[in-house]
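Read the structure below first, then the notes.
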Amino acid sequence: MAILTFLISLAGATMLLLYAVRMVRTGIERSYGASFQRLLTGRRSHLQAGLMGLILAIVLQSSAAVALLTSGFAASGYLAFPTGLAIVLGGDLGSALIIQILSFKLDWLVPVLLAAGGYLFVKTEAKKARQLGRILMGIAFILISLRFLREAMDPIRDSAFLPAVAGYLARDYVTAFLVGGALAFVMHSSVAAILMCVTLVQIGAIPFAAGLSLVLGANFGSAFIPVWLSRGMDLKARRIPYANLALRGTLAVLCLFGANLALRQGLLGDPQGGQMLVNAHLAFNASLLVLALPLCTPLGGVFARLFPDPAPAVADQPGQPVSALEQGNYGSAAQAVSNLKRELLRMSDQVNAMFRPVLELYQSGSKERIKAVQAMDDEVNACLSGIRRYVAAIPEEVFGKEQLKTARGLMEYAIRLETAGDVVARRLMVLAGDLNKKDLRFSKDGWLEITRMHEAILANMQLASNVLISDDLESARLLSLEKTELKRMEHDSRKRHLKRLQNGTGESFDTSDIHLETLRALREFNSHIAAVAYPVLYQNGQLLETRLINEMRPEDAD
């Protein structure tokens, strides 16, 4: 009976810990998600990049999140391999510092965090204040889960079960290493897994030697998380997670055998307690950062050879991507849906390529460059035509009702993407042409507002691609919230623009029509991009069907 009580209590404490870590990360992403691209992609030395990764890991409560963000920007060409790897290595050390902070006994802080966080989340309407409340409550839940974890050990502490398991892990450090790696990977959180190991050592449930092997294994296992999560990305994106895995895994295995040999021969004395284990974890990650930073540049060539860029499908027609759809060839329902998603990703990349240079063309766009962007809309239109034909010809007798509904939903999103392309080609490019023809310039504040909206939309496009690939509910929620946030940005910019007109700002008078029309176009463009979130939200019971129907109509876009 004691074992059953222990397992139930352990499962409850573990799930609460995982939920709390995710709660903190979600709050921070929703508050500052649009700023991460600017932080990550700025030019800096390897040491500065490592420091940036450290800070981001502390903020996001996850080194895996830092690795995924870095991989995404590397795939888009905004981040070189050496800088990206340095950021990820710094993120590993930042994750270790989180564990140092959370390993202190801070039970006295729980009521304060719950009271302040609950008030901010429930009683305030401002987005950042609400998300700060979420973050504070998440930290409180982490501390509560760790207390539950300590209490879960009470029923079996005096039984024969726990000492037997602990003794076995202490003797067979290879098994302990593998268990730690599996634990970190299954929990998808190195912070949660290592906090659990530290707590077990703190309360005397397992000896230090077993805890050290578990923690080294968790360090190795956590490196598999971004490798697994980036498996659907381009080869360029996967180089950084694999390089991190190689470096982290090599050092973890060397430390495993070296530390256990030293412990058995008494060379390290008799280390005890959870704090000593936290110190060992910090030393491991700090050593990894110091030793690996000089290797970031040489490893770029190695992993470029291991993960070479794919050869262009049509060498004599550069810039003409090949469609992922083969009309009349469907295979299984899953394969047809996969083909549609691949084609939608290609279409999304084309729209992204049209939208990305908008600010540059607003500042100094020639007629030729503007026409070149407008010409790209033909390829977007061709993608939509191909998707329509493909979906219309799907054999209904072979595909089930749900598969057909999914395929038609993807076609609806293709319509939204095509409309987004029209917004760029027929509105933003026309406005860019007018701005340059009349030699007008926005006011400093007005240009900054438009720039921030443009950055936020680029981040949302990356998030929309992730939702399309993974159907992840949390990402869909975040994308929906970012749509609301962009509406707020557009509304605030319009109010500030009118205030500048009242104050007599000359540039604002000259560019008033273009400024207001640009704000409307950016908001509409983002609305079309964010539409990919609605089917995921609806399938999980978080969106009414009537709203889903309205949101998926391009003509009703706000």
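The values are calculated or read from the model by the stated rules, or taken from the named source; none is laboratory data. Everything quoted here is computed from the prediction, not taken from an experiment. Cβ: placed from backbone, ideal geometry, glycine included. Neighbour counts: every protein chain shown. Only protein heavy atoms, including side chains, enter the accessible area calculation; ligands, DNA and RNA are left aside. Shrake-Rupley method; radii C 1.70, N 1.55, O 1.52, S 1.80 Å.
Structure notes:
- Gly433 vs. criteria part of a helix (DSSP H, G or I), among the small types (Gly, Ala, Ser), over 17 Å from Val358 (Cα atoms) and open to solvent by 20 Å² or more (accessible area, probe 1.4 Å): no
- Neighbours by Cβ (under 8 Å, 6+ apart or cross-chain): first from the range 121-144, under 22 Å from Ser190 (Cβ atoms) and among the aliphatic types (A, V, I, L, M); second open to solvent by less than 50 Å² (accessible area, probe 1.4 Å) and assigned to a loop (DSSP other than H, G, I, E, B): Leu143/Leu106
- Among residues of the range 512-538 being of a type in the set (Ser, Thr, Tyr) and surrounded by 20 or more Cβ atoms within 10 Å (Cβ to Cβ), the one that is farthest from Asp445 (Cα to Cα) is Tyr534.
- Yes/no for Ala210 being out of contact with any Pro (no Cβ under 8 Å at 6 or more places or on another chain), at pLDDT 85 or above, open to solvent by less than 10 Å² (accessible area, probe 1.4 Å) and not aromatic (Phe, Trp, Tyr): yes
- Within the range 283-292, considering residues that are open to solvent by less than 30 Å² (accessible area, probe 1.4 Å) and of a type in the set (A, V, I, L, M, F, W, C), the one farthest from Ile203 (Cα to Cα): Ala292
- Subset of the range 228-250 [part of a helix (DSSP H, G or I) and either within 17 Å of Ile194 (Cα to Cα) or at pLDDT below 85 (or both)]: Trp228, Leu229, Leu235, Lys236, Ala237, Arg238, Arg248, Gly249
- Condition check for Val179: open to solvent by 10 Å² or more (accessible area, probe 1.4 Å), among the aliphatic types (A, V, I, L, M) and modelled with pLDDT of 75 or more: yes
- Qualifying residue in the range 260-270 (condition: within 35 Å of the chain's Cα centre (by Cα) and either without any contact (Cβ under 8 Å) to a residue 40 or more places away in the chain or buried (at least 19 other Cβ atoms within 10 Å of the Cβ) (or both)): no
- If you go through the range 339-379 and keep only what is acidic (Asp, Glu), more than 25 Å from the chain's Cα centre (by Cα) and surrounded by 17 or more Cβ atoms within 10 Å (Cβ to Cβ), you end up with Asp377, Glu379.
- Among residues of the range 83-97, those that are without any contact (Cβ under 8 Å) to a residue 60 or more places away in the chain and either outside any helix (DSSP H, G or I) or under 13 Å from Ser45 (Cβ atoms) (or both), counted: 1
- Candidate set from the range 360-384 (those that are touching a residue at least 24 places away in the same chain (Cβ under 8 Å) and in contact with an Asp or Glu (Cβ under 9 Å, 6 or more places away or on another chain)); member that is farthest from Leu404 (Cα to Cα): Asp377
- Sole exception among (1) modelled with pLDDT of 80 or more; (2) touching a helix residue (DSSP H, G or I) at 6+ places or on another chain (Cβ under 8 Å) for Gln272, by number: (1)
- One residue stands out among those in the range 194-204 that are out of contact with any Gly (no Cβ under 6 Å at 6 or more places or on another chain) and open to solvent by less than 10 Å² (accessible area, probe 1.4 Å): the one that is nearest to Ala64 (Cα to Cα), which is Ile194.
- A single entry from Leu544, Leu522, Leu537, Leu479 fulfils the requirement of being modelled with pLDDT of 85 or more and on the phi < 0 side of the Ramachandran plot: Leu522.
- In the range 442-456, the condition of being touching a His at 6+ places or on another chain (Cβ under 9 Å), among the acidic types (Asp, Glu) and either open to solvent by 30 Å² or more (accessible area, probe 1.4 Å) or assigned to a helix (DSSP H, G or I) (or both) is met by at least one residue.
- The listed residues are Leu113, Leu79, Leu102, Leu136, and the only one of them that is over 21 Å from Ala218 (Cα atoms), at pLDDT below 85 and either small (Gly, Ala, Ser) or in contact with a helix residue (DSSP H, G or I) (Cβ under 9 Å, 6 or more places away or on another chain) (or both) turns out to be Leu79.
- Summed over the range 122-133, residues that are open to solvent by 50 Å² or more (accessible area, probe 1.4 Å) and of a type outside the set (D, E, K, R) total 3.
- Residue in the range 231-242 that is hydrophobic (A, V, I, L, M, F, W, C), open to solvent by 30 Å² or more (accessible area, probe 1.4 Å) and touching a residue at least 60 places away in the same chain (Cβ under 8 Å) present: yes
- Test: residue in the range 472-488 that is crowded, with 17+ Cβ neighbours inside 10 Å and over 30 Å from Tyr538 (Cβ atoms): no
- Hits in the range 120-133 (condition: part of a helix (DSSP H, G or I) and in contact with a helix residue (DSSP H, G or I) (Cβ under 7 Å, 6 or more places away or on another chain)): Leu120, Phe121, Lys127, Lys128, Ala129, Arg130, Gln131, Leu132, Gly133
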